[in-house]
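For reference, the structure is listed below as structure tokens.
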Amino acid sequence: MMTEIKNRAKFGIPDLDAVLDGGIPRGSLVLIEEDTGAASHILQSKFIAEGLINNEYCYIFNMEHPPQAIVSSLNAFGLEPEECIANDQLIIIDGFTDAFGWGEFTSKWSHVCHDLSNIAEVHDVVKTATAEIKPYNNMRGIVDSLTTLVLASDSERSILNYIHHQMAIQKNNGTTTLYTIHTGAHRTELVKALEHIVDGVIWISKVDVDDEPRDMIQVKKLRETKFSPRKYFFISDDTGATLEDYKKHMDARRHEEPAPESPAQ
């Protein structure tokens, strides 16, 4: 029997959930804007792990890597992902093994998308995989990545229409989904249009601070919340993450710096 579901989908990263005003409102579609090299994978793993730990249904639609990679990452949280899959609590949708219908490789997963360039097939495979999930507000998902769908499509408009339709579905079903996107691979105008449509935008990037590369995260948008728009250092490992306020860190650094010496008289 499923436990009572609250009105927020948490990551299980306390610092981040606090920045998000308690988590992502149920029924939201949120972009994870990631730059090359940033540690965004922990956001995906923790989001799914938190759902499974709280007895929610979860789905992963993976197009960029073999699905087994993120499934295996869930072991770090004390989960038995293969058991969750067998019990239909965790649904895997394979958009990697035979992504364009070459038929050269056979997927081991029950739900497979064979043509990522056909947005109708993309929609239908997710709809079929999740059709039996009840009750309302009891499912969360990861789509990795929206970039792959955009690059596979002949029309940016069809992707915008698809996202708009997914928004309606999620509001109707109470499903909460993260869509990853590599913003550097797309026109600025497309990224801005997507940011306008979706419920939330979380940006994570690798930046140089004092000649040292560090992960940084910022919530740019999240409807129905009082989120913090500040930038934070994102310190992560395979099991979780903490946040450190960027501005406070830099202010403290400036206070620690010795005052310049007065010029000799």
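Condition first: modelled with pLDDT under 95 and touching a Lys or Arg at 6+ places or on another chain (Cβ under 6 Å). Now tell me which residues in the range 36-55 satisfy that.
Listed by number, the residues that qualify are GLY37, ALA38.
Mind listing whichever residues of the range 137-161 are buried (at least 19 other Cβ atoms within 10 Å of the Cβ) and either without any contact (Cβ under 8 Å) to a residue 24 or more places away in the chain or within 16 Å of LEU31 (Cβ to Cβ) (or both)?
ARG140, GLY141, ILE142, VAL143, ASP144, SER145, LEU146, THR147, THR148, LEU149, VAL150, ILE159
Taking the options THR242, THR188, THR175, name whichever one is farther than 22 Å from HIS65 by Cβ and free of Cβ contacts under 8 Å to residues at least 24 places away in the same chain.
THR188
Quick one: in the range 48-66, which of the residues that are free of Cβ contacts under 8 Å to residues at least 60 places away in the same chain and in a helix (DSSP H, G or I) is nearest to ARG8 (Cα to Cα)?
Top of the filtered list is GLU50.
For the range 119-142, check the following and say yes or no: at least one residue is at positive phi and in contact with a His (Cβ under 6 Å, 6 or more places away or on another chain).
Checking the range 119-142: not a single residue is at positive phi and in contact with a His (Cβ under 6 Å, 6 or more places away or on another chain).
Among the numbered criteria (1) part of a loop (DSSP other than H, G, I, E, B); (2) buried (at least 20 other Cβ atoms within 10 Å of the Cβ); (3) hydroxyl-bearing (Ser, Thr, Tyr), which one does THR36 miss?
Every listed condition holds for THR36 apart from (2).
Being among the polar types (S, T, N, Q) and closer than 21 Å to ILE163 by Cα is the filter; apply it to the range 41-68 and report the residue that is surrounded by the fewest Cβ atoms within 10 Å (Cβ to Cβ).
Looking at residues that are among the polar types (S, T, N, Q) and closer than 21 Å to ILE163 by Cα, I get GLN44.
So which residues in the range 39-57 are hydrophobic (A, V, I, L, M, F, W, C) and within 13 Å of the chain's Cα centre (by Cα)?
ALA39, ILE42, LEU43, PHE47, ILE48, ALA49
Just a yes or no: is a residue in the range 70-83 closer than 21 Å to ILE163 by Cα and touching a residue at least 12 places away in the same chain (Cβ under 8 Å)?
The answer is no, given that none of the residues of the range 70-83 is closer than 21 Å to ILE163 by Cα and touching a residue at least 12 places away in the same chain (Cβ under 8 Å).
Scan the range 11-37 and report the pairs whose first residue is under 16 Å from ILE204 (Cβ atoms) and whose second residue is of a type in the set (Asp, Glu) and at pLDDT 95 or above, with Cβ atoms within less than 7 Å and a gap of 6+ or a chain change.
Between residues of the range 11-37 that are under 16 Å from ILE204 (Cβ atoms) and residues that are of a type in the set (Asp, Glu) and at pLDDT 95 or above, the close pairs are PHE11/ASP17; PHE11/GLU50; VAL30/ASP199; LEU31/GLU195.
With respect to SER28, determine if the residue is closer than 14 Å to THR176 by Cα, at pLDDT 95 or above, hydroxyl-bearing (Ser, Thr, Tyr) and under 13 Å from the mean Cα position of the chain (by Cα).
Here the answer is yes, as SER28 does meet what is asked.
Could you run through the range 89-136 and say how many residues are surrounded by 12 or more Cβ atoms within 10 Å (Cβ to Cβ), more than 19 Å from PRO66 (Cα to Cα), in contact (Cβ under 8 Å) with a residue 12 or more places away in the chain and not polar (S, T, N, Q)?
Residues flagged as surrounded by 12 or more Cβ atoms within 10 Å (Cβ to Cβ), more than 19 Å from PRO66 (Cα to Cα), in contact (Cβ under 8 Å) with a residue 12 or more places away in the chain and not polar (S, T, N, Q) within the range 89-136 amount to 4.
The values are calculated or read from the model by the stated rules, or taken from the named source; none is laboratory data. All figures in this text were calculated on a predicted structure; none of them were measured in a lab. Ideal geometry is used to build each Cβ from the backbone, glycine not excepted, and the neighbour counts take in all protein chains shown.
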